[in-house]
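First the structure, in the form of structure tokens, and then the observations on it.
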Amino acid sequence: MLVLSGGTGTPKLLQGLKEVCSFWVVVNTAEDVWVSGNKICPDIDSVIYALAEIIDDDKWWGVRNDTFTTHERLKELGFDEGMRIGDMDRATHILRSEALRSGKSLCEATQIVARAYGVETRIYPMCEEEVSTVVVTDEGEMHFQEFWVSRRGEPEVLDVRFENIERAKIPEIVRGELEREEEVLIGPSNPITSIMPILSVEDFSERLKDKKVIAVSPIVGNRPFSGPAGKLMRAKGFEVSPKGVFDVYSSFLDMLVVDTFDSRFESENIVSTNTMMRSKEDAVRLAEFIVKLFDRL
Ligand code: GDP
């Protein structure tokens, strides 16, 4: 099974999936940034930390019980650190960046980091090229991290675009594995800023058409579980509802899993179950439900 992932909702589900089936992951990299000399891949880091079970599961980013001494000192020294980066988290960024500086690809660097944390799952970036999510707001254009971290998602969103996406290529290794894969799961991630960038790399979404594709809705009722998905979906012209999520994926989706709260939407290609993951047990239960659903498709 291939899983498409962002950095919060899907990593939660991966903690359950790893107990019930084998899978590989393609991760959004359009939120990556260089900070104080190192490349941060927020979504890849969260996937690795979740699978290594060291993620800070209060915030769903960074390493549990991390300290921030280096961050505080760098700020005193005049570094522009808009993001609060933990010391252990930064060690990951240094490991990745050193691999990149020594000429390794991002695919290779990701594998080095995953292995260092004892994670054997194949985890790939959506592309090698640097792509940036730019949020167009009533206060001008800004990188997604600035919009979400520095500005706490407050500005009015008019549009979202992925800078440099036209130059991005599906990595050769992903292309090969995708060709052989039959089952694709789109986790409960932000459809606009986490999944759309992956789907927009070359003809990635076209390649899903002949596969069994299941998605889990990150929206319950007319709100996301967390984060700015609602605002961004609205800006892209989609209804903020499970139906809106279905519409984003409609060209290739076979089945959408929505929360029991939205069971009224059940149809030939919408099923409901409890999709709220408050614990690992919740994630395992949802993962088992999904595996059975693939068998029925
Ligand atoms: P980001 O990269 O940090 O934006 O993270 P993602 O895109 O992977 O995840 C954000 C999405 O996860 C949000 O739209 C949330 O609504 C969704 N989400 C978070 N927790 C849960 C959960 O327990 N269940 C479901 N179904 N969705 C969740």
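List of remarks:
- Selection among GLY227, SER189, LEU293 by position relative to the dipole of region 188-293 gives GLY227 as farthest towards the positive end (Cβ unit charges, Cα centre).
- For LYS236, the lysines whose Cα comes closer than 25 Å to its Cα, not counting residues fewer than 8 places off in the same chain, are LYS169, LYS209.
- Relative to the longest principal axis of the Cα atoms of the chain, the long axis of helix 9-20 makes an angle of roughly 70 degrees.
- Once the Cα atoms are used to define both axes, helix 42-51 deviates from the longest principal axis of the chain by about 70 degrees.
- Dimensionless Rg over Rh [the chain; C-alpha; Kirkwood]: 0.94
- Applied to region 55-68, the Karplus parametrisation 6.51 cos²θ - 1.76 cosθ + 1.60 on θ = phi - 60° returns per-residue 3J(HN,Hα) values of 5, 6, 8, 7, 9, 6, 8, x, 9, 4, 6, 6, 10, 10 Hz, with x for Gly and Pro.
- Centroid-to-centroid separation of region 28-61 and region 143-167 [C-alpha atoms, Å]: 18
- All-pairs alpha carbon distance profile, region 1-152, 10 Å steps from 0, percent: 11, 40, 36, 11, 1
- Normalised per residue, the volume of the convex hull around the Cα set of region 151-267 (Å³): 113
- Based on DSSP H segments of at least four residues, each scored -39500 (n - 2.57), the chain has a per-residue ellipticity at 222 nm of -10000 deg cm²/dmol.
- Beta-bridge orientation, the chain: approximately 45 percent antiparallel, per DSSP, counting only bridges with both partners inside.
- Put simply, the amide H of VAL3, placed in the peptide plane, has neighbours under 5 Å in TRP24, VAL25, VAL26, LEU185, leaving out anything fewer than 5 places away on its chain.
- Helix 280-296 axis, angle to the chain major axis (alpha carbon atoms, nearest 10°): 50
- Under the Karplus curve 6.51 cos²θ - 1.76 cosθ + 1.60, θ = phi - 60°, whole-Hz ³J(HN,Hα) for region 114-120, x wherever Gly or Pro sits: 4, 4, 4, 9, x, 9, 8
Bear in mind these aren't lab numbers, they're just calculated from the coordinates by the rules spelled out. Keep in mind that what you see is a predicted model, and the values were worked out from it rather than measured. A quick note on method: Cβ atoms are made from the backbone with ideal geometry, for glycine too, and the neighbour counts reach across all protein chains shown.
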